[in-house]
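Remarks on the structure that follows.
The values are calculated or read from the model by the stated rules, or taken from the named source; none is laboratory data. Computed from a predicted model, the values in this text were never measured in an experiment. So basically every Cβ, Gly included, is an ideal-geometry build from the backbone, and we count neighbours across all protein chains shown.
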């Protein structure tokens, strides 16, 4: 593993442990050249998934893009990093276990919205505002009315 600080080729694993509900391995590493310490995660990838975008372009699925969009939706919300990681891992497991090698970006967006709805109602609405391309404040009100969120943020 290449050191992210000095780009040296030799790093030593100092600690390994299961992570993300035993779906990944977390490794603490130290660079043998500069002494920098960093963490890596090792996950099983069942198959490579191709995402078909709205404009028809294709791209390799990027777990980190999903994680970033979820983190943006949940910014300054009372949801811990561990919960976010579980949410993203759950989405990725659903995608990989679907058996499909090509998925529409809209299918992925719907899975993210479904997951966010169970975790945080504000994050859910934030994500929906970008995903569904809200144009004005009335779009928020209409979405909230039709999404059937009760006061706890969970479906009726």
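Taking strands (runs of 3 or more DSSP E) that do not extend beyond segment 13-74, which have at least 2 residues that are surrounded by 12 or more Cβ atoms within 10 Å (Cβ to Cβ), in contact (Cβ under 8 Å) with a residue 12 or more places away in the chain and touching a helix residue (DSSP H, G or I) at 6+ places or on another chain (Cβ under 7 Å)? Quick ask: steps written out before the conclusion?
Details: elements: 24-31, 37-43, 50-52, 58-60.
Qualifying strands (runs of 3 or more DSSP E): 50-52.
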- Message: I need the full set of residues from segment 133-156 which are in contact with a helix residue (DSSP H, G or I) (Cβ under 7 Å, 6 or more places away or on another chain) and either at pLDDT 85 or above or in the same structural domain as residue 53 (by TED's automatic domain parsing) (or both), in order please.
- Response: 134, 143
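With the structure loaded, tell me whether residue 40 is outside the structural domain of residue 111 (by TED's automatic domain parsing) and within 30 Å of residue 128 (Cβ to Cβ) or whether it fails that test.
Judged against the criteria, residue 40 is not a match.
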- Could you run through segment 91-100 and say how many residues are crowded, with 16+ Cβ neighbours inside 10 Å and in contact with a helix residue (DSSP H, G or I) (Cβ under 8 Å, 6 or more places away or on another chain)? 3
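Being part of a helix (DSSP H, G or I), in contact (Cβ under 8 Å) with a residue 12 or more places away in the chain and either touching a helix residue (DSSP H, G or I) at 6+ places or on another chain (Cβ under 9 Å) or within 28 Å of residue 52 (Cα to Cα) (or both) is true for just one of 103, 116. Which residue is that?
Working: 103 fails: part of a helix (DSSP H, G or I).
Exactly one residue qualifies, and that residue is 116.
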